[in-house]
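One structure is given here, and the rest of the page talks about it.
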Amino acid sequence: MTLEQILDQLRNDNCVEHWHTVPARAADYVDFPGHLDPRLIAAIRRRGVHKLYRHQAEALDAVSGGKDIVVVTPTASGKTLCYNLPVLNTVMQDSSQRALYLFPTKALSYDQKSELMELTEAVGADIRTHTFDGDTPQTARRAVRSAGHIVITNPDMLHTGILPHHTKWVKLFENLRYVVIDELHHYRGVFGSHLGNVIRRLQRIAQFYNSNPQFITCSATIQNPGELAERIVGRPFVVVDKNGAPTAEKHIILYNPPVVNEALGLRRSSLSVANSLATRFIANNVSTIIFAGYRRAVEIILTYLRNHMKQQKVNPKLVEGYRGGYLPNQRRAIERGLRDGSIRGVVSTNALELGIDIGSLDVSILTGYPGTIASMWQQMGRAGRRSGMSAAILVGSSSPIDQFLIKHPEYLLDRHVESGIVDPSNLVVLMSHLKCAAFELPFDADDQFGVDTTQPLLDYLEKHHVLTQSNGRYFWASEIYPAGEVSLRSASPENFVVLNRSDESKVIGEVDYFSAPEFLHPEAIYLHGANQYQVEELDWEGRRAYVKEVDVDYFTDAETKTDLKILTVDKRRQSIDARLACGEVALTRVTVLYKKIKFYTHENVGFGKVHLPEQEMHTTSFWVDFDADVAERIGLSIGVTGEILRAAANALGRMAPLWVMADKRDVAAISQVRAPHTGLPTIFLYDNIPGGVGFSQKIFDMSGELFTETAVLIEQCSCRAGCPSCVGPEMEIGPHGKRGAVELLRFAAIAANQPVVDVEETVEVVEDEGSVD
């Protein structure tokens, strides 16, 4: 069957909640500007591009006028030419000029290098383009530093391999004309906060070498591209957002799995539904990408798909997985397979959300809402050509946020996409990069590093013998290499590597520090490439996990206990029934047990205890507390206070990321029946990132809307007393949890409309007397 025939069948499926067709749109063309080199125009025309799209022409005009720009258009709209054309044009006119390209991943760097080199070869000019990352051979690095007109790298390598060694990159920094930052929307939260500081260091070094590079950035559609670019780079930007690229007809389908247990409100697993839909497309030679929200889901869906392929006597290698943790060579082989058609389907985390060239796919299946509307459109945009029909299917899970969106399609299709939030002045992140900057160049007493409090911070580092002061200047005094101590992807220490004892302890993957207790605890089943490995040993100090190959019919799911204490209170709102606040908190987390979950049926077939060290983290949080007798005030027994708190926290924790453009793992919720700082029933929504990056503050600012919409979600849910689609199952939150959560949210919404009171209060930490969920 063809794609059109399969879609015709799907229209009759009762699980389709909404079907939206995006009509085809013609291109808006503009002639090439007169300032482009004729050789460059001729080369582009030979590649089949006879005119520019409007946004490309506007970008070229702004760059030629000396402006810093951010180009904001959809996937596959030709954003690459918006930076390649001005860069190549400049280098062709003056061969001493240099450009630095930043991509968030090495895979994207390699992909863009190939495209750029094809264009430079077509031009016939001597423009040397090189990638510089951890895979670049030592023998090639000197040539890159001395002769590269265009250096393509990623923020991590800029941070550790270029800026600290700027004396080896004099040619680049003395002649640096352009800095290109692609996929700008990807740099939000902690990664974006780190990048803002890396750019501060870059500008500081460029100024030292008497250069002042122009910034060209590109982003998917978000609400505040100009603001995000300005916060990361620290300068005004011109926004180019009038998309002139053509689009083909696309069908956007919201698919809600059927209810399989009315009493508990349980729906068929979104993983299982995604597998069924993907099997139908792939079996009919319709190229398909399936996005899953986390690594384990990728491996589960991949396992299901390959088993189905075997049953249909189809080569299971036609489907591959793709995620972080796979080694670079494996990922590049998968990318090549998708481009040449030898791979028909791929299951991926958001790693393929970015603009890596994986050829033209026909269908994109999203296994649950990916966390932001911007990411949703990016993932849906991975399917579709500029001519020819395509489809994107969002399969809802039982989570409250998915059910809210599936039943309110206008929120997805009509609402503005979210804002990207970064906080380069986050103290944890800032101090890390202040050390790196001091290692690179000494600070004068009046130097600023993004904040007015730079000198007190320098004095603090001097007091702790990290810096030394001489003649009014601060010099690096420590023996450590500071950039090597800082990961841009998180504020946590280094990753754990996974070694396969069944294959001479070969490295097969890696897991970040905070995720290691959940995925690499002893006896855990580690899934990788649809293969199963059991963790035999976790070397906590050495950051290594030793695994062996196994063949079992289950995977493991760990449970973590979290404790929280308030350290400071920054802002408050309050009413008679509730009080809202935000501030700094201290978290303690420990993984306590794991469950064995059977494939396909998802039955719990066993459990075990986990004994690992606690992990501590300071971050920021929003919280709301209620009177001790709040349950009685809504007509319930005071003994159910914990249940109604847990119910409200469950719903808020799943809805909050939608409001703040956060990954659902970056904002977490817990409740305490008797919080240590007040002794009152309290719900916390905290930044699940060391130091916090501003999510809690934004939740505080828009808490009224969040409380109101969450209450509406719960009330409109068809379950009797709670289910995974609203407040959690009744067996967890009790028979009164659903009703009580709605009343709590109404009290909180009233408080959210009260005036803000700024406070600076340090809380004396006492022993925790409350229960933590």
Open item on the list: As a test of understanding, state the convex hull volume per residue of the stretch 455-562 from its alpha carbons, in Å³.
Closed with: 144
Task: Rounded accessible area per residue of the chain, 1.4 Å, Å² - done: 40
- [ ] Measure up 168/506; 609/664; 407/596 against 30 Å on the Cα-Cα distance and list the ones that go over.
- [x] 168/506; 407/596
Open item on the list: If each DSSP helix of 4+ residues adds -39,500 (n - 2.57) and the sum is divided by the residues in the chain, what number results at 222 nm, nearest 500 deg cm²/dmol?
Closed with: -10500 deg cm²/dmol
Open item on the list: Of all beta bridges DSSP finds with both residues in the chain, what is the antiparallel percent, to the nearest 5?
Closed with: 60
Open item on the list: Restricting to Cα pairs below 8 Å that are 6+ residues apart, what does the relative contact order work out to for the stretch 256-305? Please round to a whole percent.
Closed with: 30
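Percent relative contact order of the chain, based on C-alpha pairs within less than 8 angstrom and at least six residues apart?
12
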Task: Heavy-atom SASA rank of 731, 617 (probe 1.4 Å, accessible area, largest first) - done: 731, 617
Task: Calculated FRET value between residue 165 and residue 95, using beta carbons and R₀ = 30 Å, to 0.05 - done: 0.80
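Based on the inverse mean of 1/r over its pairs of different Cα atoms, what is the Kirkwood hydrodynamic radius of the chain, in Å?
27.8
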Task: Cβ-isolated cysteines (cut-off 4.7 Å), the chain - done: 15, 82, 218, 436, 582
- [ ] Put one equal scatterer on each alpha carbon of the stretch 79-124, apply the Debye formula with no solvent term, and list log10 I(q)/I(0) at q = 0.24, 0.29 1/Å to two decimals.
- [x] -0.97, -1.23
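What FRET efficiency comes out for residue 249 versus residue 471 if R0 is 45 angstrom and r is the Cβ-Cβ distance? Round to the nearest 0.05.
With a Förster radius of 45 Å, E is 0.05.
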Task: Estimated vicinal HN-Hα couplings, Hz - the stretch 612-628 in sequence order (Karplus 6.51, -1.76, 1.60; Gly, Pro = x) - done: 9, x, 5, 10, 10, 8, 9, 8, 10, 8, 9, 8, 10, 10, 10, 5, 4
TODO: Take every Cα pair under 8 Å in the stretch 127-192 that's 6+ residues apart, average their separations, divide by the length, and report that relative contact order as a whole percent.
DONE: 30
TODO: Provide, as a two-decimal number, the C-alpha radius of gyration of the stretch 501-570 over 2.2 N^0.38 Å, N being how many residues it has.
DONE: 1.38
TODO: Rank 588, 564, 624 by how far each Cα sits towards the positive end of the charge dipole of the stretch 490-643 (+1 on Lys, Arg Cβ; -1 on Asp, Glu Cβ) and give me just the farthest.
DONE: 624
Task: Computed P(r) (all Cα pairs; the stretch 612-685; 10 Å bins; percent) - done: 18, 44, 29, 9, 0
Open item on the list: Please give the charge dipole size of the stretch 90-143, origin at the Cα centre, charges +1 on K and R Cβ atoms and -1 on D and E Cβ atoms. Round to the nearest 20 debye.
Closed with: 280
Task: Student exercise, the chain dipole from Lys, Arg, Asp, Glu Cβ charges, in Debye to nearest 20 - done: 2620
Open item on the list: Give the separation of the Cα centroids, the stretch 560-595 to the stretch 315-386, in Å.
Closed with: 37
- [ ] Work out how much length residue 756 to residue 13 would gain on full extension: take 0.36 nm times their residue separation and subtract the Cα-Cα distance, in nm to one decimal.
- [x] 262.6 nm
Open item on the list: Given all pairs of different Cα atoms, what value in angstroms does the Kirkwood hydrodynamic radius of the stretch 104-149 take?
Closed with: 11.4
Task: Potential extension, residue 39-residue 616 segment - 0.36 nm per residue separation minus Cα distance - done: 201.9 nm
Task: Dipole of the stretch 617-676, positive end: most advanced residue of 639, 673, 653 [Cβ charges, Cα centre] - done: 653
Open item on the list: Place a point 7 Å from Cα of residue 732 in the direction of its Cβ. Which residues in the stretch 618-645 have their backbone N less than 17 Å from it?
Closed with: 642-645
- [ ] State, to one decimal in nm², a quarter of the convex hull surface area for the C-alpha atoms of the stretch 641-730, i.e. the direction-averaged projected area.
- [x] 6.2
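Two decimals is fine: what's Rg over Rh for the stretch 488-619, C-alpha atoms, Kirkwood radius as Rh?
1.11
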Open item on the list: Taking the full set of protein chains and a 1.4 angstrom probe, give the accessible area of residue 19 in square angstrom, rounded to the nearest 10.
Closed with: 50
Open item on the list: Rounded to the nearest percent, how much of the accessible area of the chain (1.4 Å probe, protein heavy atoms only) is carbon and sulfur?
Closed with: 47
- [ ] Heads up, I need the accessible area for residue 443: 1.4 angstrom probe, whole protein in place, Å², nearest 10.
- [x] 0
TODO: Work out how much length residue 230 to residue 595 would gain on full extension: take 0.36 nm times their residue separation and subtract the Cα-Cα distance, in nm to one decimal.
DONE: 126.8 nm
TODO: Ignoring everything but the protein chains, give the 1.4 Å probe accessible area of residue 523 in square angstrom, nearest 10.
DONE: 90
TODO: Place +1 on the Cβ of every Lys and Arg and -1 on the Cβ of every Asp and Glu in the chain, take the dipole about the Cα centre, and give the residue among 229, 22, 442 whose Cα lies farthest towards its positive end.
DONE: 22
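The values are calculated or read from the model by the stated rules, or taken from the named source; none is laboratory data. Please read all numbers here as calculations on a predicted model, not as lab measurements. Backbone-built Cβ (ideal geometry, glycine too); neighbour counts: all protein chains shown. To get the accessible areas, we keep the full protein, side chains included, count just its heavy atoms, and leave off ligands, DNA and RNA. Shrake-Rupley method; radii C 1.70, N 1.55, O 1.52, S 1.80 Å.
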